[in-house]
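The block underneath contains the structure these notes are about, expressed in structure tokens.
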Amino acid sequence: MFTQFKPSTIAFIVPLAATILLPVAAYASPQCTKEPKSAWLSEAAMKEKIATMGYHDIKVFKTSGSCYEIYGRDAQGHKTEVYFNPVDGSVVESNVD
């Protein structure tokens, strides 16, 4: 029922799979800070800062890795996904639809 693989085949498949999958995992979210969470702005303070930057209609606000991440609209009304540095509130990455 199950196929037996030779050790040489497994030795080839495992590094190949890692080579393919690791860049995908690394792309999930950028590195926004190395500071501990105790140094981060509170979610309330960050939401206020985001609003003053012109972002609105926020559908999602979440912690993603070492970032605060939103899905909403920018000041021009474009749909956007934005990663913020949670320590100073600066934009690390912005993807506009």
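Where a number appears in this text, it was derived from the coordinates with a stated rule and is not lab data. Fair warning: this is a prediction, and the values are worked out from it, not measured in the lab. Methodologically, a virtual Cβ is constructed for each residue, glycine included, from the backbone with ideal geometry; neighbour enumeration extends over all protein chains shown.
Okay, which of the range 71-97 sit inside 17 Å, backbone N to the point 7 Å along the Cα-Cβ direction of residue 49?
Under cut-off, by backbone N: 71, 82-94.
Work through the residues other than residue 96 whose Cβ is under 13 Å from its Cβ and net out their charges, Lys, Arg +1 and Asp, Glu -1.
Within the 13 Å Cβ shell, the charges total -2.
Taking the Cα centre of the range 31-96 as origin, work out the dipole magnitude from +1 charges on Lys and Arg Cβ and -1 charges on Asp and Glu Cβ, in debye rounded to 20.
Charge dipole of the range 31-96: 120 debye, to the nearest 20.
Of the listed pairs 34/59; 37/62; 49/79, which have alpha-carbon separations greater than 23 Å here?
Too far apart for the 23 Å limit: 34/59.
Per q in 0.16, 0.19, 0.22, 0.26 1/Å, what log10 I(q)/I(0) does a Debye calculation on the alpha-carbon atoms of the range 31-96 return?
Listed by q, the Debye log ratios stand at -0.44, -0.63, -0.84, -1.15.
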